[in-house]
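All remarks here apply to the structure that follows.
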Amino acid sequence: MQIAPGLHRLGSDPHGTVNSYLVVEGGEVTVIDAGLPAYRRLLVDELGRLGLGLDAVRALVLTHGDTDHIGFAQWLWEEKGVPAHVHTSDVDRARLEVKKPNRGWGPVRVKPMAGFLWFSARHGGLRMRPVGVVATFADGDVLDAPGRPRIIHLPGHTPGSVAVHVPGVDALFLGDAMTTRNVLTGAEGPKAAPFTLDPAQAAESLTRIESVDSTWALPGHGPAYDGGVPEAVRLIREG
């Protein structure tokens, strides 16, 4: 579905339970996050609606290496030789060599949590494949890919969590540095995401994006937020 010109989200789930985005520039595409394994079908469908095929995909950028962000990454490499770009500190997560500790969940409500687990299972979340081939990046890198994505390191959720700034589509992709619908409680609006390894560090990292001048603040989970990045940061801090 189109969010704005040149900016798309895979699928039509109104809750944005798990998000994967496309940046489209001159008939070429950068994918931001690979969602869950079954999202490969959503990717092909969305490209088809744009009159494009998989050959249009030039880059896949991961905001971090958690399992619900690497879904079709290995498949895309095998199909088209497109590696997953990931921060150096999250390579081991993308390769499933590190299991996330059982902490940082925050409050839980049974119905939203069950819905998230069921959604994940239906979209291949129980059959994750490690990312075999990666291309690494570091803070401040600008990738040679459609939209010229700029990397902003935001450690806290994971050691290698990043935001991806694409000025051409007026967007900052935040991964799990922000949620607009908490998958464990159903709470809506810009907030800190659950499953964060170091909440204090994640909060401190927000200083690195609070002056980013983009209308769209796009989370890994939840609907797109169009109130601007500075306002999103303010709301996250308010809790």
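If the cut-off is a Cα-Cα distance under 18 Å, which aspartates and glutamates reach Lys111, setting aside same-chain residues fewer than 8 apart in sequence?
The reachable aspartates and glutamates, counting only those whose Cα sits under 18 Å from Lys111, are Asp13, Glu188.
To the nearest 20 debye, what is the magnitude of the charge dipole of region 2-238 about its Cα centre, counting +1 on the Cβ of each Lys and Arg and -1 on the Cβ of each Asp and Glu? Please list the in-between numbers first.
Details: 23 positive and 27 negative charges, 165 e Å.
The dipole of region 2-238 has a size of about 800 debye.
Restricted to Cα positions, what overall size does region 36-81 have along the principal axes? Three whole-Å values, descending.
Principal-axis extents of the Cα atoms in region 36-81, largest first: 31, 18, 17 Å.
Per residue, how big is the convex hull around the C-alpha atoms of region 96-225? Give it to me in cubic angstrom, could you?
127 Å³
Summing Lys, Arg as +1 and Asp, Glu as -1, what charge do residues with Cβ under 11 Å from the Cβ of Ala4 carry, Ala4 excluded?
Within the 11 Å Cβ shell, the charges total -1.
For the chain, what is the Kirkwood hydrodynamic radius in Å, using each pair of distinct C-alpha atoms? Write out the running numbers ahead of the final one.
On the way: mean 1/r = 0.0578 Å⁻¹.
Averaging 1/r across every pair of different Cα atoms and inverting gives 17.3 Å.
Which of Ala192, Met128, Pro83 sits closest to the plus end of the dipole of the chain, meaning its Cα is farthest towards the positive end, when Lys and Arg get +1 and Asp and Glu get -1 on the C-beta?
Of the options given, the answer is Met128.
What is the dipole size for region 9-114, taken about its Cα centre, with +1 at each Lys and Arg Cβ and -1 at each Asp and Glu Cβ, in debye to the nearest 20? Numbers along the way, then the final one.
Numbers: 13 positive and 14 negative charges, 102 e Å.
Here the size comes out at about 500 debye.
Can you find, among Gln2, Leu172, Phe72, the residue farthest towards the positive end of the dipole of the chain? Put +1 on the C-beta of Lys and Arg, -1 on that of Asp and Glu.
Among Gln2, Leu172, Phe72, the one farthest towards the positive end of the dipole of the chain is Phe72.
Please arrange Arg49, Arg148 by counting, for each residue, the other beta carbons lying within 10 Å of its beta carbon, fewest first. Intermediate results must be reported in sequence, preceding the final value.
On the way: Arg49 10, Arg148 15.
In order of increasing Cβ crowding within 10 Å: Arg49, Arg148.
What's the center-to-center distance, using Cα atoms, between region 34-87 and region 191-220 in Å?
Spelled out, the Cα-based centre of one part sits 23 Å from the other.
Where a number appears in this text, it was derived from the coordinates with a stated rule and is not lab data. It should be emphasised that the depicted structure is a prediction, and the values quoted were computed from it without experimental measurement. When we count neighbours, we look across all protein chains shown, and the Cβ atoms used for this are built from the backbone with ideal geometry, even at glycine.
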